[in-house]
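The values are calculated or read from the model by the stated rules, or taken from the named source; none is laboratory data. This structure is a prediction, so every number in the text was calculated from the model and none was measured. Virtual Cβ from ideal backbone geometry, glycine too; neighbours counted across all protein chains shown. Accessible surface areas use protein heavy atoms only, side chains included; no ligands, DNA or RNA. Shrake-Rupley method; radii C 1.70, N 1.55, O 1.52, S 1.80 Å.
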Amino acid sequence: MTEARKDEKPLEFRQEHLLGLEYLSREEIECVLHNAAALKPTLDQKIKKMPTLLGKTVVNLFFENSTRTRTSFEIAAKRLSADVINFTVGTSSVAKGESLLDTARTIEALGSDIIIMRHSCPGACHLLASHLRSAIINAGDGCHEHPTQGLLDMFTMRERKGRIEGLTVTILGDILHSRVARSNIWGLTKLGANVRVCGPRTLIPRGIEELGVEVFYDLEQGIRDADVINILRIQRERMDSNMFPSIREYRLLYGLTHDRLRFAKPDVLIMHPGPINRGIEISQGVADGEHSVINQQVTNGVAVRMAVLYLLGQARAQKIEMEKAE
Ligand code: CP
């Protein structure tokens, strides 16, 4: 699937794991997006399954709740004919005190090839990657990164706008606690977008400008002439104390309403990684309105995750072949 595009050399993906978009080159991000575009039409075929990962075992290891990411990875892996195990932390021996590493080593001893992990601790997936032979995919590690969300967001932007380079993308809301914001920032800046972050001072990390973004505390200025607004949920579950006076005040200052859309470009795309808190960060009308591509993001997530599983599966197969040859 990584065949040459018109008159161009094939894109290469050299990673054994997907831990964050910080660690991917522009070419590797392009490679995932290219493969996702090739795979997307298979989602509408009568027979949706491909034999790519036949005989391989993919484990969903989620220590935090998820609707979209876990289900999307399960569908993507099944489309590629992998055996999929959904590990349920609540009924596992984690409740008896088993460590993360011992849990993961046990899963690998049971035969995993690819482990997809979500964990509240930033860097937890790096720990697995440095101790296991399975390919590790980060499905969200605390406030650090959520690389497949960043990739599916970029895929959706390119699908709808035809490009990423030169787009003005505003990430609006709780930037401080958002792994989606960080993965978007790493990916979009590598692909040449103009990235802005906008939200209350208390929800914007200090020094974020060093990642190549512009910072706005005023919504009207932050979304002015934006091509894309990616709206984030307030992550109250990650806050030790109140970081703004009230939900009502937050909604008044930063809630995206139909009226406020007039500051952005007329064809602005409205994105949200979900889950949505309707009536807080986004109004009902904007969430379901003509500019919203929120459901397309979810659909595209399957194609993007199929591409990631395919590329990591291929890299792992090559590594095993090389080790056998040595
Ligand atoms: N966007 C996202 O990560 O959603 P879930 O928490 O439902 O997986």
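For the reader, a short list of remarks on this structure follows.
- For segment 232-253, a residue qualifies if it is outside any loop (DSSP other than H, G, I, E, B) and either among the polar types (S, T, N, Q) or open to solvent by 20 Å² or more (accessible area, probe 1.4 Å) (or both), and the qualifying residues are Arg236, Glu237, Arg238, Ile247, Arg248, Glu249, Arg251, Leu252, Leu253.
- All told, Ile29 falls short of being in contact with a helix residue (DSSP H, G or I) (Cβ under 7 Å, 6 or more places away or on another chain) and within 16 Å of the ligand (Cβ to nearest atom).
- Test result for Gly222, in contact with a Leu (Cβ under 9 Å, 6 or more places away or on another chain), farther than 26 Å from Glu64 by Cβ and either within 15 Å of the ligand (Cβ to nearest atom) or part of a loop (DSSP other than H, G, I, E, B) (or both): no
Yes/no per residue for (1) closer than 26 Å to Asn65 by Cα; (2) within 16 Å of the ligand (Cβ to nearest atom); (3) in the same structural domain as Leu256 (by TED's automatic domain parsing):
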residue	(1), (2), (3)
Ser130	yes, no, no
Ala139	yes, yes, no
Gly142	yes, yes, no
Gly162	no, no, yes
Ile171	yes, yes, yes
Ser178	yes, yes, yes
Ser183	yes, yes, yes
Leu188	no, no, yes
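- Taking segment 35-84 as the range and being in contact with a Phe, Trp or Tyr (Cβ under 6 Å, 6 or more places away or on another chain) and among the charged types (D, E, K, R) as the test, only Arg70 passes.
- Extreme residue, farthest from the ligand (Cβ to nearest atom), among residues of segment 66-122 that are open to solvent by less than 30 Å² (accessible area, probe 1.4 Å) and among the hydroxyl-bearing types (Ser, Thr, Tyr): Ser81
- Given (1) of a type in the set (Val, Ile, Thr); (2) without any contact (Cβ under 8 Å) to a residue 12 or more places away in the chain; (3) under 25 Å from Arg179 (Cα atoms), number of the condition Thr91 does not satisfy: (3)
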